[in-house]
1. Ignoring solvent entirely, what values of log10 I(q)/I(0) come out of the Debye formula for region 72-170 at 0.15, 0.24 Å⁻¹ when each Cα is a single scatterer?
2. Which one, T19, A307, G53, projects farthest toward the positive side of the charge dipole computed for the chain from Cβ point charges (K/R +1, D/E -1)?
3. Taking each pair of different alpha-carbon atoms in region 25-198 once, compute 1/r for the pair, average those values, and report the inverse of that mean as the Kirkwood hydrodynamic radius in Å to one decimal.
4. Would you please classify the overall shape of region 201-302 from the alpha carbon gyration tensor, given that a ≥ b ≥ c denote the square roots of the eigenvalues, rounded means a/c under 1.5, and beyond that prolate means a/b larger than b/c while oblate covers the rest?
5. Taking the beta-carbon count within 10 Å as an exposure proxy, list F68, F179 from fewest neighbours to most.
6. Given the chain, report the % of alpha carbon pairs whose separation exceeds 37 Å.
7. Could you sort the peptides 102-110, 54-62 by per-residue average Cβ neighbour count (10 Å cutoff), highest mean leading?
8. Based on Cβ point charges of +1 for Lys and Arg and -1 for Asp and Glu, what charge dipole magnitude is obtained for the chain about its Cα centre, in debye rounded to the nearest 20?
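Nothing in this text is a laboratory measurement; each read-out follows from the coordinates by a stated rule. It should be emphasised that the depicted structure is a prediction, and the values quoted were computed from it without experimental measurement. Cβ coordinates were reconstructed from backbone atoms using ideal geometry, including for glycine residues, and neighbour counts include every protein chain displayed.
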Amino acid sequence: MTIHATPTSALAQELAAHTGRFTDKSFDWNAFPSNAGFDELARAQMRYIGAGGSPKVGDSSTLKPDNFTLSLIYKEPGKYAACHSHEIEESFLIIEGVLTVGWEKDGEVVEVRLGPKDMILNAREIGHGFRNDGVTPVLMSISVDVGKPLPPVYHYHPKEHPSELARSFGAAPGKTLPFDRNGEHPLQKLMARYVVRHNELPTIWEDAGFTRKVYVGPGGIEHDTCRKEMLGIPSRVGVKPYSRDVEEAFLVLEGSLTVGWEENGEHVETELGPRDLVKTPAGRRHWFRNNSAGPATVWSVIGSATAGEIAYRAA
Ligand SMILES: [Fe+2]
């Protein structure tokens, strides 16, 4: 029997090259050299777009970043990430579990607990760390809002500070405050502007028949960095092709989504399942449709704050 390879077009190959499949990828337990030798800091990273805060920028299984990186981070109960800062914004979107995130300034820390579909945008130059105080592992999606971030600057690493101080992100006993949107402390006030709870965000019903929750962008955290939205797409709903002047990534959280590209009258498409991703480059006409029986939940990252609103048209 002869098996003939199916001929594929250049456009189909390009779409395949912009797709990251959960089952094709691996979690890397050695992504952060600064954690080496500290079991309490253990975490695993799965890179989809760029390297994030990891120095592993040469990973050929990772999509090239333009304006943001995207990865998954896995953290087991009892482990933490030492307090550090970046020159640029970085978001944590919780997918599973409950994560405690702390922001530190002058030895005081505000801690917030985030559950599934909650997000924090870590402000630039703000010391932040995280810890899993729960009983189940945490899985989250991290995006850094620049293609090639500088290495993190550590503020309270167990290399240089007592383990208990590092675990509390730099807060001595009695110096930790809870997250409080009505709190008087300047750090509570600052953090309140950067924490998004899924259940507090308005649900926007598009005329095309799906929902959007804007995490970063008009109506959400209004900021000058990348836009971030969660889409809810009912069964059999889809939109006509549209394009943006920056790249757009779709990471499926629940259900399945078919993403298509169009160029010179040619159409190609691919179906994504949970934790699969497509990164569509700037200018490429693309569309999506939920061909499954159940709804799809999709995390979308868009490469600029000024990307215009799309007038979605039902397909
Ligand atoms: Fe960070």
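1. -0.55, -1.35
2. T19
3. In region 25-198 this quantity evaluates to 16.0 Å.
4. oblate
5. F179, F68
6. Value for the chain: 17 percent of Cα pairs lie more than 37 Å apart.
7. Final packing ranking: 102-110, 54-62.
8. Value, rounded to 20: 320 debye.
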